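Every read-out reported here was derived from the displayed coordinates using simple, explicitly stated rules and does not represent laboratory data. Nothing here was measured: the structure is a model prediction, and the numbers come from that model. So basically every Cβ, Gly included, is an ideal-geometry build from the backbone, and we count neighbours across all protein chains shown.
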Amino acid sequence: MTTHHAIDALYVRYQVRDLAVMESFLRDFGMVPATASDGHRLFMRGTGEAPFVYEAVRGDDNRFLGAGFSVADAATLERLAALPGSGPVEPATGVPGGGQRVRMRMPDGFEIDAVHGAAPAAPLPVRDAIPLNTAQAKPRVNTAVRIARQASPVKRLGHFVLHVSDHQASVAWLQQRFGLIASDYLAIPDAPTQPIGTFLRVDHGDALVDHHCMLVLGTDRPGVHHCSFEVSDLDAVMSAHDFLLERGHTLDCGVGRHLLGSQIFDYWRDPFGFRIEHYTDGDVVNGTHVPTIFAGTADQTTQWGAKPPADFFE
Ligand SMILES: [Fe+2]
């Protein structure tokens with residue numbers, strides 16, 4: 001099986017009824033417009049090099065459309081375009097950064113893009129991360145912590161989570177097209193050796209990457225579970241939490257620390273009901289990481305902090 005290694009997850013795409021409402025929420029969430037919206041499509045960026053991290057398209061109903069990954073070269077696009085379920089290599093017209101793209105259809109219909117040649121955005125200025133003075137080491141000296149209660153800029157898309165009807169088929173699809181590899185597996189206590197979920201990362205060999213860029217979970221209700229964006233540090237997560245509450249947005253679950261990937265998380269519902277996450281302090285791994293199968297209860301996937309509501313696991 002030929003693989004075409006992805007460089008990174010770049011963006012997610014949704015269709016919603018009202019772009020102005022979505023833009024207002026995403027600004028509060030810490031994104032800024034990548035370009036002026038034309039009223040039909042909205043592109044939002046973070047502070048990192050991705051030309052955009054979130055696309056919203058105006059439509060009659062609200063739904064997740066798909067996501068995009070960067071790939072290394074034009075030859076990869078040609079190979080992907082030849083596979084079943086792929087569209088042609090085409091220019092990413094009207095999209096920030098441009099470049100060439102192949103849009104593919106995953107099992108369950110999600111549109112997954114491979115992108116090459118997009119012009120990176122100039123990173124936006126951000127404050128330095130705030131060093132924590134722990135009991136063991138106190139790197140912050142003669143310097144007070146001062147944090148404004150305001151939107152915390154998101155840097156980049158970290159990961160997104162899909163519920164799929166055929167776990168193995170979807171994982172194989174992603175492995176074949178993007179060379180994603182398993183970091184850890186989820187199982188249920190009654191069948192501890194039969195994974196129903198796979199945390200997938202991009203394969204950069206010895207180089208460190210996020211523990212996962214995707215989680216794929218087998219369920220009988222396919223759809224997106226959430227998308228997740230990285231912010232600077234703990235103070236960014238916590239101050240954004242208070243700011244989003246003040247702005248009247250809907251908290252889903254947070255703040256807490258995950259088990260698999262270890263992120264400090266904070267989940268919100270956007271105005272259309274989609275779950276969206278801020279995170280910081282996630283694990284990074286490389287080729288020496290050994291995958292495990294976690295066969296605990298849903299409750300055990302949170303180490304401390306807010307306990308996810310029951311519908312989080314549906
Ligand atoms: Fe997440």
The percentage of Cα-Cα pairs in the range 43-179 separated by more than 19 Å is 62
Stretched fully, the stretch from Val57 through Gln15 gains (0.36 nm per residue minus C-alpha distance, one decimal, in nm) 14.7 nm
Normalised Cα Rg of the range 183-314, dividing by 2.2 N^0.38 Å with N its residue count, works out at 1.08
Each label sits 7 Å from Cα toward the beta-carbon; between Leu208 and Ala72 the label points are separated, in nm, by 2.2
Descending packing, highest mean Cβ count within 10 Å first, for 92-102, 177-187, 117-127 is 177-187, 92-102, 117-127
With Rg from the Cα atoms and Rh as the Kirkwood inverse mean 1/r over Cα pairs, the range 255-314 has an Rg/Rh of 1.01
What the Cα atoms of the range 117-270 span along the principal axes, largest first and in whole Å, is 54, 39, 38
Taking Glu23, Glu78 and counting other beta carbon atoms within 10 angstrom, the fewest-first order is Glu78, Glu23
Two pseudo-spin positions, 7 Å from Cα along C-beta at Arg247 and at Ala135, lie apart in nanometres by 3.7
Sequence order, the range 203-210: Karplus ³J(HN,Hα) from phi using 6.51 cos²θ - 1.76 cosθ + 1.60, θ = phi - 60°, Hz rounded, Gly and Pro as x, gives 9, 10, x, 7, 6, 7, 9, 4
Here the tail fraction of P(r) beyond 35 Å, over all Cα-Cα pairs of the chain, rounds in percent to 17
Applied in sequence order to the range 300-308, the curve 6.51 cos²θ - 1.76 cosθ + 1.60 (Karplus, θ = phi - 60°) yields integer Hz couplings, x standing for Gly and Pro, of 6, 7, 10, 7, 8, x, 4, 8, x
Quarter of the surface of the C-alpha convex hull for the range 186-259, i.e. direction-averaged projected area in nm², equals 7.5
Quick calc: nm separation of the 7 Å Cα→Cβ label points for Arg27 and Ala187 -> 5.0
